[in-house]
Amino acid sequence: MTLRIGVIGVGMIGQDHIRRLTEVLSGGRVVAVSDVDHDRARKIASALPGCTSHVTGEELIADPNVDAVVVTTWGPTHEEFVLAAIEAGKPVFCEKPLATTREACERIMSAESGAGQRLVQVGFMRRFDASYRALKDAVDSGRIGAALMMHCAHRMPEAAPNYTSEMAITDCLIHEIDLVRWLFNDEIAAVRVLKPRGNSNTQEGVDDPLFVLIELGSGILVDVEVSANIRYGYDIRGEVVGESGTVALADNTDVVLKQGAHYSGRVPSDWRERFIRAYDIEFQEWIDNLAANKPPAGPTSWDGYAATAVADAAIEAMRTGNRKTVMLATKPDFYQD
Ligand code: NAP
């Protein structure tokens, strides 16, 4: 059976997901698209065999030819489309964030649990990256003893002109927030955001880099450097320190060149290059699960809620300079593993 997929929002990542669904993966086909820019949606649809363009996302969700929905619009619009998909009883893959406020995430959780079936998957793709999966396997195996600390770096060569200090949290740190919750199977209890000496490559008024300290419920401490203008490449680093060993992401390079008394390897130029396979695996597993009539097995609405709640706390911690406790609602039984 081919899963018939409708994509709402055909901007940068929407088009990239359409490419992978159409050219790379198996078992799914994009049959409908929509966008506030109707001409853009029509143009994308005309290049895909058997694809219709709809004027609104709601119309696309109601289309009987659409089995499952992908939401890749601007964050503040995610709630309305995810709620409409749940109401229609259709599985929905929503790019991060699930929604931009914790109240909106709560409304989604309540609608989904009311529907009585897991329909939502949130686009935190690092959980599908082979090197992060190997890191988690090593931690879970107990070979380094209990995990005590983790050092992370989220380094980008050049921020977009509209980059703000808040985007360091909502667009960058949000991935480490989800990652450490998944890696250590724990919730985040508190967060602190420190501002080192500023990078002179960064536009006036933007705090860059940031140095974030995350406290997990178990007492594990995680530091995350977020650098948005470090020029040399897109470099994602992570090292877990355990009681009797450490485990770290290896440098993401295919070959090491030794020449002229030096050795060197490639640093990815951007997030697409670094995580291209993770996105592919994320979608292939989503399609395979739905085709097998299983619920989505990736990040849930609860994960989307927790990430938004921690991001809110981090933004306040950044503004005030103080340690901010994260207050989460009680996890509903519906989302217990
Ligand atoms: P983008 O290029 O601006 O694309 C968003 C698209 O949605 C645009 O075509 C936009 O139209 C359209 N849109 C906005 N409101 C809409 C509405 N009410 N109905 C239908 N279409 C609407 O943004 P993007 O970079 O692709 O990001 C999209 C989402 O993906 C964001 O939530 C972002 O955080 C997420 N994302 C996730 C990752 C990841 O690593 N997981 C990476 C990148 C992006 P206009 O251009 O006319 O506004």
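The values are calculated or read from the model by the stated rules, or taken from the named source; none is laboratory data. Everything numeric in this text was worked out from a predicted model, so none of it was measured. So basically every Cβ, Gly included, is an ideal-geometry build from the backbone, and we count neighbours across all protein chains shown. Ligands, DNA and RNA are excluded from the accessible area calculation, which covers all protein heavy atoms including side chains. Shrake-Rupley method; radii C 1.70, N 1.55, O 1.52, S 1.80 Å.
Here are a few things to note about the model shown:
- Residue list for segment 54-69, filter: within 11 Å of the ligand (Cβ to nearest atom) and either more than 12 Å from residue 84 (Cα to Cα) or touching a residue at least 60 places away in the same chain (Cβ under 8 Å) (or both): 54, 55
- Criterion violated by residue 225 - all others in (1) part of a loop (DSSP other than H, G, I, E, B); (2) touching a Phe, Trp or Tyr at 6+ places or on another chain (Cβ under 9 Å) satisfied: (1)
- Counting only residues that are surrounded by fewer than 21 Cβ atoms within 10 Å (Cβ to Cβ) and assigned to a loop (DSSP other than H, G, I, E, B), segment 153-186 holds 10 of them.
- Inclusion of residue 252 among residues that are open to solvent by 30 Å² or more (accessible area, probe 1.4 Å), modelled with pLDDT under 95 and in contact with a Pro (Cβ under 7 Å, 6 or more places away or on another chain) is warranted.
- Any hit, segment 72-91, residues being out of contact with any strand residue (DSSP E or B) (no Cβ under 9 Å at 6 or more places or on another chain), open to solvent by 30 Å² or more (accessible area, probe 1.4 Å) and at positive phi: yes
- Only one of the numbered conditions (1) within 16 Å of the ligand (Cβ to nearest atom); (2) within 18 Å of residue 312 (Cα to Cα) is not met by residue 162, and that is (2).
- Selection of segment 92-104 for residues being within 15 Å of the ligand (Cβ to nearest atom) and open to solvent by 60 Å² or more (accessible area, probe 1.4 Å) yields only 100.
- Checked against the criterion of being in a strand (DSSP E or B) and either away from the ligand (no atom under 11 Å from the Cβ) or over 23 Å from residue 169 (Cα atoms) (or both), the candidates 20, 29, 107 yield just one match: 29.
- Test: residue in segment 265-286 that is small (Gly, Ala, Ser) and touching a strand residue (DSSP E or B) at 6+ places or on another chain (Cβ under 6 Å): no
- Qualifying residue in segment 6-15 (condition: within 15 Å of the ligand (Cβ to nearest atom), crowded, with 22+ Cβ neighbours inside 10 Å, assigned to a loop (DSSP other than H, G, I, E, B) and without any contact (Cβ under 8 Å) to a residue 40 or more places away in the chain): no
- Flag for residue 38 being near the ligand (Cβ under 10 Å from one of its atoms), open to solvent by 40 Å² or more (accessible area, probe 1.4 Å) and of a type outside the set (S, T, N, Q): yes
- Residue match in segment 257-271 (condition: in contact (Cβ under 8 Å) with a residue 12 or more places away in the chain, open to solvent by 10 Å² or more (accessible area, probe 1.4 Å) and closer than 19 Å to residue 134 by Cα): no
- For residue 189: the one exception among (1) of a type outside the set (Phe, Trp, Tyr); (2) out of contact with any helix residue (DSSP H, G or I) (no Cβ under 7 Å at 6 or more places or on another chain); (3) open to solvent by 40 Å² or more (accessible area, probe 1.4 Å): (3)
- The number of residues in segment 171-223 that are within 16 Å of the ligand (Cβ to nearest atom) and either under 29 Å from residue 141 (Cα atoms) or aromatic (Phe, Trp, Tyr) (or both) comes to 10.
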